[in-house]
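Asks: Here it is, the structure, as structure tokens.
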Amino acid sequence: MPSIREDLGGGLAGLQWVVTGYTLMFSALILFAGTFSERIGAKRAYGAGTVLFVLASAACGLAPDLGTLIGARFAQGLGAALVTPTALAIIREAYTDAGARARAIAYWAMGGSIAAAAGPIVGGALTQVDWRIIFFLNLPVGAIALLVLTRVGTSPREAAPFDWTGQVTAVLGLAALTYAIIEGGEGGYGRPTILTAFAVAVLALVVFLLAQSRGRHPMVPLELFRSTRVIVALAAAFIGMSAFYGVVFVQSLYFQQVRGESAFSTGLLFLPMTALVAAISPVVSRVAAHYGLRVPIIGGQIVLVAGLIALACVPASTPTWVVAVLMVPLGLGGSFTVPPLTTLVIDSVPARRAGTASGVLNLSRQMGGSLGVAAVGSVLAVQATFMTGLRIGLIALAALVVVTIVASLTLRDVDGPAAH
């Protein structure tokens, strides 16, 4: 991010948009992607999303200014929105046995974990040459994914009309809310434009809920929320991703701007946290199979809180390598939480609703990521010093995770029929 700012200009808000532009489109369109997947088949939707993601990555690498880069990041988010729920839908189609499906989801999560471990290091190394190479790297990876996709069987299709009212209001509401949080942090929340953005977000939310409750073809069937298991899982996913993205954003700036580390060194400092996620992901499914989903969900969140508090309280004189070690609980907590939450949601719906359900789950996660970065960045912008903003932001995130821990305690018999 500092390299991008040095090359293309822009302040803290610009860097936030580089991150949230992607996650905003991901979260706003992932519900559309679920319906789209059911309509044309998961395999075709996955392929279309991969192609779009690759083309948008090329546009990011060629961006001549910050505005173009942010626009291309929006397009990347759309491509990712098509890929993620359809990947889970393909898994749901391929595995009818619940145990085998849980293991497949764990390996799916491990793939993301390995990428998360490699990304900061590879990205940091490539930034020493040119940050644009980071985006060009997606081109051959996308080509390999499309090649492997040719071995996947044909996915079933279902006539699923689009909910245009719901989709438009979802995009408008999330965009307005994100804009208000990011830009309000830069220039104050009392300005007419910021207050208008908040008002638009609230109005869009009301219209969205009315469209889902009264529309003939709702994008988010409200019966999905009749299960306590689903509600708790979505809340935990939202808050957990807020914490993870918020920490990645603020610690990236902390290591480079406060501690003076290079981009490559910063990537290495993230390695203990991200590599651990990749290493223990296969273990999570076995823990869940032995103890049930409730134990890793609650335990992972407790560890996440411990990591957030430790980072917030660390003295300024603490060696950099110790700070990196203190980030390990964040990766550990996330790795024990995400796979069982995903399994919880997927197992709570019929197979034909797997695409929509996974879309709703990923909507919660990516909304959390978008708003986590926006909120933490806004706290940084209004505080007198960077470290004060960092500590306030991390403590606030820890408090939110505590709320979802309490909610997770209500889960009962999570391996049996969903509690209503």
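The values are calculated or read from the model by the stated rules, or taken from the named source; none is laboratory data. Computed from a prediction, not measured in an experiment: that's the story for all the values here. We place every Cβ from the backbone using ideal geometry, glycine too, and count neighbours over all the protein chains shown. Heads up: the accessible areas ignore ligands, DNA and RNA and are worked out on the full protein's heavy atoms, side chains in. Shrake-Rupley method; radii C 1.70, N 1.55, O 1.52, S 1.80 Å.
Asks: If a helix is a whole DSSP H run, which ones in the chain reach 27 Å or further along their own axis (Cα) and hold a mean Kyte-Doolittle hydropathy of at least 0.0?
Replies: Sorted by number, the helices that extend far enough and score high enough are 12-40, 42-62, 66-94, 98-127, 164-187, 192-214, 228-253, 263-291, 294-313, 328-346, 354-382, 386-408.
Asks: Given only helices, namely DSSP H runs of n ≥ 4 each adding -39500 (n - 2.57), what is the per-residue ellipticity at 222 nm of the chain, to the nearest 500 deg cm²/dmol? All intermediate terms of the calculation are to be shown ahead of the outcome.
Replies: Details: 16 runs with 332 residues, N = 420.
Using -39500 (n - 2.57) per qualifying helix, the result is -27500 deg cm²/dmol.
Asks: Here's something else I'd like to know. Nearest 20 debye, what's the magnitude of the dipole of region 42-201 about its Cα centre given +1 on Lys and Arg Cβ and -1 on Asp and Glu Cβ?
Replies: Values: 10 positive and 8 negative charges, 92 e Å.
Result for region 42-201 is approximately 440 debye, rounded to the nearest 20.
Asks: Expressed as a rounded percentage, what relative contact order does region 278-348 have, with Cα pairs under 8 Å and six or more residues apart? Write out the running numbers ahead of the final one.
Replies: Working: 64 pairs, mean separation 32.6, N = 71.
Relative contact order, region 278-348: 46 percent.
Asks: With the contact rule set at Cα under 8 Å and sequence spacing of 6 or more, what percent relative contact order holds for region 46-97? Intermediate values should be presented prior to the final figure.
Replies: Working: 45 pairs, mean separation 24.6, N = 52.
Taking the mean separation of contacting Cα pairs over the length of region 46-97, I get 47 percent.
Asks: Another one. Please calculate the 1.4 Å probe accessible area of residue 37, with all protein chains present, and give it to the nearest 10 Å².
Replies: Approximately 10 Å² for this residue.
Asks: Looking at 377, 237, 175, which one has the Cα that reaches farthest to the positive end of the dipole of the chain (charges on Cβ: Lys, Arg +1; Asp, Glu -1)?
Replies: 237
Asks: Still on this structure: Can you give the relative contact order of the chain as a percent, counting alpha carbon pairs under 8 Å and 6+ residues apart?
Replies: Details: 710 pairs, mean separation 108.1, N = 420.
The normalised contact order for the chain reaches 26 percent.
Asks: Something else: Given +1 on the Cβ of Lys and Arg, -1 on the Cβ of Asp and Glu, and no further charges, what dipole in debye does region 106-230 carry about its Cα centre, rounded to the nearest 20? Display every interim value, and only then the final one.
Replies: Working: 8 positive and 6 negative charges, 72 e Å.
For this selection, approximately 340 debye.
Asks: Next question. Given springs between every Cα pair under 10 Å in a Gaussian network model of the chain, which of 371, 397, 326 has the largest fluctuation?
Replies: Residue with maximal mean-square fluctuation among 371, 397, 326: 326.
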